[in-house]
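The values are calculated or read from the model by the stated rules, or taken from the named source; none is laboratory data. Since the model is a prediction, treat every value here as computed from it, not as a measurement. Reconstructed Cβ throughout: ideal geometry from the backbone, glycine too, with neighbour counts over all protein chains shown.
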Amino acid sequence: MTEANRTALLDARAIARAIARMAEEIVRFSGGTDELVLVGIQRRGVDLAERLARQIAGERGGVPQGAVDITLYRDDLQTVGPRPIVGETYIPVDLTGKWVMVVDDVLYTGRTVRAALAELADFGRPARVGLCVLVDRGGRELPIHADVVGETIAVDPGSRIDVLLEERDGRDAVELVQGGP
């Protein structure tokens with residue numbers, strides 16, 4: 001795919017502003033940080049959860065954070081192949097009674113979030129579960145919505161949103177890729 005098919009939507013400053021606002025919304029959502037746990041969906045959701053935790057910690061103290069890899073909870077696992085690559089799942093505390101905020105980079109069909117919710121059920125019964133995403137691109141196939149959204153960007157089904165993060169990609173950006181899967 002050529003560079004001509006990419007359109008910059010958010011730069012590093014816009015992402016930093018969105019994360020700062022999202023951190024404030026998460027604290028309001030959970031009524032403080034005492035029972036809050038951030039759980040990022042592998043891979044970029046984990047990076048975003050770490051940034052959000054740092055932002056919240058600067059204001060109110062530390063927040064436990066974990067990670068889930070939804071590979072084995074996917075509803076299309078049979079299409080992945082005979083040996084799927086499974087990443088790390090790490091939940092630092094029993095989630096029973098906690099206010100859990102699931103964090104991901106892009107919300108699209110809702111299937112990734114459905115898989116994450118199924119996996120979280122293995123780690124306790126939270127008092128409440130919310131969803132925080134950097135970008136909501138629309139196009140839901142399941143009745144799932146985000147409680148905290150950095151940016152809502154309408155995207156045609158034939159295109160995709162790429163979130164690039166410094167930790168993984170060497171820079172922060174959100175780009176629209178025309179004609180992408």
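Would you check if residue 155 is over 14 Å from residue 40 (Cα atoms), among the hydrophobic types (A, V, I, L, M, F, W, C), at pLDDT below 95 and crowded, with 16+ Cβ neighbours inside 10 Å? Spell out how you get there, then give the answer.
Numbers: over 14 Å from residue 40 (Cα atoms): yes; among the hydrophobic types (A, V, I, L, M, F, W, C): yes; at pLDDT below 95: yes; crowded, with 16+ Cβ neighbours inside 10 Å: yes.
The answer is yes for residue 155.
Matching residues to (1) over 19 Å from residue 129 (Cβ atoms); (2) in contact (Cβ under 8 Å) with a residue 12 or more places away in the chain; (3) part of a loop (DSSP other than H, G, I, E, B):
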| site | (1), (2), (3) |
| --- | --- |
| 29 | no, yes, no |
| 34 | no, no, yes |
| 37 | no, yes, no |
| 40 | no, yes, no |
| 47 | yes, yes, no |
| 51 | yes, yes, no |
| 56 | no, yes, no |
| 63 | no, yes, yes |
| 67 | no, yes, no |
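Of the residues 21, 17, the single one that is farther than 24 Å from residue 94 by Cα and free of Cβ contacts under 8 Å to residues at least 40 places away in the same chain is 17.
Give the stretch 140-181 a look and list any residue that's among the basic types (Lys, Arg) and either under 14 Å from the mean Cα position of the chain (by Cα) or not in a strand (DSSP E or B) (or both), or say none.
140, 168, 171
For the stretch 92-119, a tally of residues being closer than 21 Å to residue 28 by Cα and outside any strand (DSSP E or B) returns 4. A residue that is more than 20 Å from residue 96 (Cα to Cα), at pLDDT 95 or above and surrounded by fewer than 22 Cβ atoms within 10 Å (Cβ to Cβ) cannot be found anywhere in the stretch 58-65. Of the residues screened, residue 122 is one that is over 17 Å from the mean Cα position of the chain (by Cα), under 15 Å from residue 66 (Cα atoms) and in a helix (DSSP H, G or I). Cβ-Cβ contacts under 7 Å between residues 6 or more apart (or on different chains), taken from a first residue in the stretch 128-145 that is modelled with pLDDT of 95 or more to a second residue that is among the aromatic types (Phe, Trp, Tyr) and part of a loop (DSSP other than H, G, I, E, B), are listed as 137/108.
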